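Here the structure is laid out as structure tokens; the discussion comes afterwards.
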Amino acid sequence: MSRFRRRYGGNPLHLLLHLVWVFAAGWALLRLLEVRPLLYLLAWLVGAVVLHDFVLLPFYAALDRVGRIPLRGAVNYVRVPVVLSGLLLLAYFPIITGGGEQVFSRVSGAGYSEDYFGRWLLASAVLFLAAAVLYGVRAATAQRTGARSPGSTS
Amino acid sequence: MRLLPAQPPPGPFRPGFWRSPLRGPWLTSILGSLLLILTTITAVTGFLSHLAYNPDLGMNAIIDPSRDVPLPFALDFWPGGPSWLYRLNQGLHVNVGLVAIPFLLFKLWSVIPRLFAWPPAVSPAQAIERLSIALLVSSAVFLFATGIFNTSYDYAFQFNFVVAHYYAAVVFSASLVLHVAIKAPIIRRAYRERGVLKPLRDDLAHTRREPEDPHGGLVAPEPDEPTITRRGVLLFAGGGSLALLIANVGATIGGPLRPLAFLQPRREGAGGGGPGDFPVNKTAQSAGITPGQVAAGAYALDLGTRQLSRQELLALPQRTAKLPIACVEGWSSVQEWTGVPLAELARLAGAPDAEQCFVESLQERGILREATLTRGQFTADDALLALKVNGEDLTMDHGFPARVIVPGLPGVHNTKWVAKLTFRS
């Protein structure tokens, strides 16, 4: 037993559970390979990890580090609306950019009735406005009571 | 034997590169626990939706049944009601899926130093575990991406959506169950040592890094000053979820909340504001239905044993019911339908004890132009062959001359432009 642990680096249950996974996930991946070639599937699976781990995350982490220094205590008043606006863009990307409009209009009988890129811009403006109002109120309160600048709370 | 230098290369491979004082086993555990609840709801409702199509009956399957997860017994249990059943299921699937996105991103942020662990694996156990985590992350990103693309009709991914989303969900579910099983001891220890909710009480002055974790890699050795509390991190992710939810959920609930869904294209308005002015998922034109096919002289409903013109159908006892059309994409719309109960048509066809109802549309090509309903579904009181909606004849786009509407069924199984009903044992 201890020899197995030394060689494998985990207990037998660890190995067994991973073997269940290898075969179950392998089954589903083979089903996908029946409808798309291997390279296409790999492009998606590897692409998903690369896009998140090596593009999106380093990008926003670097942006945060750059913005944090000059903003100091006020960083969350900028950080939160930027991230919320970014999340809206991410989750509604095909609607905001109009990528889905052609098929939408074919199946539903009419194109977009609104300019969704414009709506995203306005939604972002509202988010920044809310942050500005909150910051302004807290700054004014802090000044009156002689406390520290806002941003010292969560 | 050593393939890689013992000393990590510079940059993210060095522990000192990571500076957030918040990262640690507790933060990852709480984000992971919340994400687990959300993804479990999304996965369960997703697989239930698959079963709601009764894929083992007739031509219902979109995924080749011989390639589906083999089950030792039939699973056509999806009932014909209550009417909100599929609406609730799909509303949860799509909206909880959206809510999960910020928590997934925050969770991945919390463990990013582990991606650059050095050496990449110290044992076969760690190597296979990392492989499973890679597949967990990529299948999760794939599921959310394809889900988003499908609900907005952007088919840039060039897969059959249902097939790709389904098998990726199997990969994701298997990887997730494994991940939770493997990490359960770490989560338990983090909660035991720090309390499940206690770190949420810390204000910014008391937001310190977590104690060294035995598995290493998450707690920064040289942390920066905190800029946000742990409570703030959860509220931040929750705020992101709320924003995504507000932009969509009105389309699920409908009614006065519909305009709130500010990033979900409106389907109303195409019908000019009349009784047929509610969302259309497939227009008569896109289905290839011509006015000639549905004209009074040309159309007759084929019951196998007999044929009924629309006039004859209208002369039968009618029933009116308020029922939703609930789309797999998460939107729904409740309308008042009037028509002949399907159970009555089964009697007229001479098959009152039929076990199944096979519905065929006038539509000649394309998917979902036929559906097989179970006895439980077509004998539901409000299961109708609808002729009218909101007191007026159906419009062409809503299935004139006649369409199926069954409580609690996926929207697309309420076949439009019904040509033939076959009641069979």
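The label-point distance for B:ARG424 and A:LEU15, in a model that sets each label 7 Å from Cα toward Cβ, rounds to 5.2 nm. When the Cα positions of B:TYR167, B:ALA300, B:TRP26 are compared along the charge dipole of the protein assembly as shown, B:TRP26 comes out farthest toward the positive end, with charges on each C-beta of Lys, Arg, Asp and Glu. Here the protein assembly as shown carries DSSP beta bridges of which approximately 95% are antiparallel, counting only pairs with both residues inside.
The angle between the Cα long axis of helix A:38-50 and the main principal axis of chain A comes to about 40°, on a 0 to 90 degree scale.
Ordering B:HIS179, B:HIS206 from largest to smallest accessible area (1.4 angstrom probe), what's the sequence? Mind dumping the intermediate values first?
Working: B:HIS179 40, B:HIS206 115 Å².
So the residues, ranked largest to smallest area, are B:HIS206, B:HIS179.
Applying 1/(1 + (r/R0)^6) with R0 = 22 Å to the Cβ-Cβ distance of B:ASP302 and B:ARG347, what FRET efficiency is obtained, to the nearest 0.05? My answer for the efficiency is 0.85.
The Cα atoms of the range B:144-189 cover 44, 17, 11 Å along the three principal axes, with the biggest extent listed first.
Would you list which lysines come within 30 Å of B:LYS282, measuring only between C-alpha atoms, while excluding same-chain residues fewer than 8 positions from it? Here the lysines satisfying the reach criterion relative to B:LYS282 are B:LYS322, B:LYS388, B:LYS416, B:LYS420.
Dipole check for the protein assembly as shown: with +1 at the C-beta of Lys and Arg, -1 at the C-beta of Asp and Glu, and the Cα centre as origin, the magnitude is about 2400 Debye.
Could you tell me how many cubic angstrom of Cα convex hull volume the range A:31-154 has per residue?
Values: hull volume 18.3 nm³, N = 124.
Taking only Cα atoms, the range A:31-154 has a hull volume of 148 Å³ per residue.
The accessible area of A:TRP120, taken with all protein chains in place and a 1.4 Å probe, comes to roughly 40 Å². If the elastic network links every pair of Cα atoms under 10 Å, which of B:PRO199, B:PRO102, B:PRO55 fluctuates the most in the Gaussian network model of chain B? Taking springs between Cα atoms under 10 Å, the residue moving most is B:PRO199. Sorting the Cα pairs of the range B:271-322 by distance into bins of 10 Å, from 0 upward, gives 18, 34, 44, 4 percent per bin. The range B:123-144 and the range B:86-118 have Cα centres lying 15 Å from one another. Between the range B:349-382 and the range A:23-85, the alpha-carbon centres lie 44 Å apart.
How high is the FRET efficiency between B:LEU200 and A:VAL133 when r is their beta carbon distance and R₀ equals 30 Å, given to the nearest 0.05? Spell out each step's value before the answer.
Details: r = 26 Å, r/R0 = 0.86.
Between B:LEU200 and A:VAL133 the formula returns 0.70.
With angles folded into 0 to 90 degrees, how steeply does helix A:12-35 sit against the dominant principal axis of chain A? Use alpha carbons for both and round to 10. Long axis of A:12-35 versus the principal axis of chain A: about 90 degrees. For the Cα trace of the range B:11-260, dividing Rg by the Kirkwood Rh returns an Rg/Rh value of 1.01.
The charge dipole of the range B:11-260, taken about the Cα centre with unit charges on the Cβ atoms of Lys, Arg (+1) and Asp, Glu (-1), comes to about 660 debye, rounded to the nearest 20. Across the protein chains, with a 1.4 Å probe defining accessible surface, the residues B:ASP56, B:ASP397 rank B:ASP56, B:ASP397 from largest area downward. The share of C-alpha pairs in the range B:1-158 whose separation exceeds 19 Å stands at 69 percent. Given +1 at the Cβ of Lys and Arg, -1 at the Cβ of Asp and Glu and no other charges, the dipole of chain B around its Cα centre is 1200 debye to the nearest 20.
Each part reduced to its alpha carbon centroid, the range B:204-242 and the range B:291-310 end up 67 Å apart.
Order the following by accessible area, largest value first: B:MET59, B:MET396. Probe radius 1.4 Å; ligands, DNA and RNA are ignored.
Details: B:MET59 125, B:MET396 60 Å².
My answer, sorted largest first, is B:MET59, B:MET396.
Between B:ARG67 and B:ARG188, the simple label model (points 7 Å from Cα in the Cβ direction) yields a spacing of 4.1 nm.
Over chain B, dividing the summed -39,500 (n - 2.57) contributions of all DSSP H runs of at least 4 residues by the number of residues returns a 222 nm mean residue ellipticity of -13000 deg cm²/dmol.
Give the relative contact order (percent, whole number) for chain B; include only Cα pairs under 8 Å separated by 6+ residues. Before the final figure, lay out the partial values.
Details: 698 pairs, mean separation 90.7, N = 425.
About 21 percent, as a whole number.
Excluding same-chain neighbours fewer than eight residues apart, the lysines reachable from B:LYS198 by a Cα-Cα span under 23 Å are B:LYS107, B:LYS183. Taken along its principal axes, the alpha carbon cloud of the protein assembly as shown reaches lengths of 82, 69, 39 Å, longest axis first. For the peptides A:18-29, B:222-233, B:3-14, B:290-301, the ranking by mean Cβ contacts within 10 Å, running from highest to lowest, is B:222-233, A:18-29, B:290-301, B:3-14.
Once the mean of 1/r is taken over each pair of separate Cα atoms and inverted, chain B shows a Kirkwood hydrodynamic radius of 24.5 Å.
Between B:SER123 and B:ASP56, the simple spin-label model (points 7 angstrom out along Cα→Cβ) gives 4.2 nm. Buried accessible surface for the B/A pair, both sides summed and rounded to the nearest 100, is 6100 Å² with a 1.4 Å probe.
At 0.36 nm per residue, and after removing the present C-alpha to C-alpha distance, how many nm does the segment from B:GLN318 to B:VAL44 gain when stretched out fully?
On the way: separation 274, 0.36 × 274 = 98.64 nm, distance 3.71 nm.
Difference between extended and current length: 94.9 nm.
Ranking B:ILE187, B:ALA354, B:GLY238 by how far each Cα lies toward the positive end of the dipole of chain B (charges on Cβ) leaves B:ILE187 at the top.
Considering only B:LEU242, B:LEU409, B:LEU98, the Gaussian network model of chain B with Cα springs below 10 Å gives its largest mean-square fluctuation to B:LEU242.
Taking only the alpha-carbon atoms of the range B:49-129, what semi-axes of the equivalent ellipsoid follow from 5 times the gyration tensor eigenvalues under a square root, in whole Å, largest first? Kindly include the intermediate steps, with their values, before the conclusion.
On the way: eigenvalues 301, 95, 16 Å².
Computed over the range B:49-129, the values are 39, 22, 9 Å.
Counting only protein heavy atoms and a 1.4 Å probe, the protein assembly as shown has 47 square angstrom of accessible area per residue.
How big, in percent, is the set of alpha carbon pairs in the range B:252-402 lying more than 21 Å apart?
Details: 5557 of 11325 pairs.
Percent of Cα pairs beyond 21 Å in the range B:252-402: 49.
Axis of helix A:57-71 versus longest Cα principal axis of chain A: the two differ by about 20°, to the nearest ten degrees.
The values are calculated or read from the model by the stated rules, or taken from the named source; none is laboratory data. Being a predicted model, the structure only gives us computed values, none of them experimental. Methodologically, a virtual Cβ is constructed for each residue, glycine included, from the backbone with ideal geometry; neighbour enumeration extends over all protein chains shown. What goes into the accessible areas is simple: the full protein's heavy atoms, side chains included, and nothing from ligands, DNA or RNA. Shrake-Rupley method; radii C 1.70, N 1.55, O 1.52, S 1.80 Å.
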